[in-house]
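Student: One structure, as structure tokens, below. Some questions next.
The values are calculated or read from the model by the stated rules, or taken from the named source; none is laboratory data. Keep in mind that this is a model prediction, so the values were computed, not measured. Cβ placement follows ideal geometry from the backbone for every residue including glycine, while neighbour counts extend to all protein chains displayed.
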Amino acid sequence: MTEVRLTAWVRGHVQGVGFRWWTRARALELGLAGWARNTQDGRVEVVAQGPEKSCAMLLELLRSGRTPGRVDGVVERWSETKGSVEGFVER
């Protein structure tokens, strides 16, 4: 099973609506480690590491239209895992 790192930038009405909490809950259900944090330009940055299939499922959920708030778009970057990341936190 290939381990990967997904970085996703989510734009729309995603700050102040429970989006990071929701993302953390989904990531933990999928067994992923990482974080979700608000950016100064109004987006949420999601960084998740773990099995490629689980990261792809999280990305699908971010784009599902079933998130808190409103997602207008998601840009993703895939890369190799970096360091040891444990748990999933809201930053």
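Student: Answer yes if at least one residue in the stretch 19-27 is in a loop (DSSP other than H, G, I, E, B) and among the charged types (D, E, K, R), and no otherwise.
Tutor: no
Student: Could you look through the stretch 42-58, keep only residues that are among the charged types (D, E, K, R) and outside any strand (DSSP E or B), and pick out the one that is surrounded by the most Cβ atoms within 10 Å (Cβ to Cβ)?
Tutor: 43
Student: Something else about it: Against the conditions (1) touching a strand residue (DSSP E or B) at 6+ places or on another chain (Cβ under 6 Å); (2) among the hydroxyl-bearing types (Ser, Thr, Tyr); (3) under 21 Å from residue 38 (Cβ atoms), where does residue 64 fall short? Just the number, please.
Tutor: Residue 64 satisfies every listed condition except (1).
Student: Quick check on the stretch 1-41: of everything there that is more than 10 Å from residue 88 (Cβ to Cβ) and among the aromatic types (Phe, Trp, Tyr), which residue is surrounded by the fewest Cβ atoms within 10 Å (Cβ to Cβ)?
Tutor: 21
Student: Out of (1) crowded, with 18+ Cβ neighbours inside 10 Å; (2) at pLDDT below 95, the odd one out for residue 86 is which?
Tutor: Condition (1) is where residue 86 drops out.
Student: Within the stretch 33-75, can you find the residues that are under 10 Å from residue 6 (Cα atoms) and aliphatic (A, V, I, L, M)?
Tutor: Hits for the stretch 33-75 are 46, 47, 48, 56, 58, 59.
Student: Can you find even one residue in the stretch 69-82 that is among the aromatic types (Phe, Trp, Tyr), surrounded by 12 or more Cβ atoms within 10 Å (Cβ to Cβ), at pLDDT 95 or above and outside any strand (DSSP E or B)?
Tutor: Scanning the stretch 69-82, I find no residue that is among the aromatic types (Phe, Trp, Tyr), surrounded by 12 or more Cβ atoms within 10 Å (Cβ to Cβ), at pLDDT 95 or above and outside any strand (DSSP E or B), so the answer is no.
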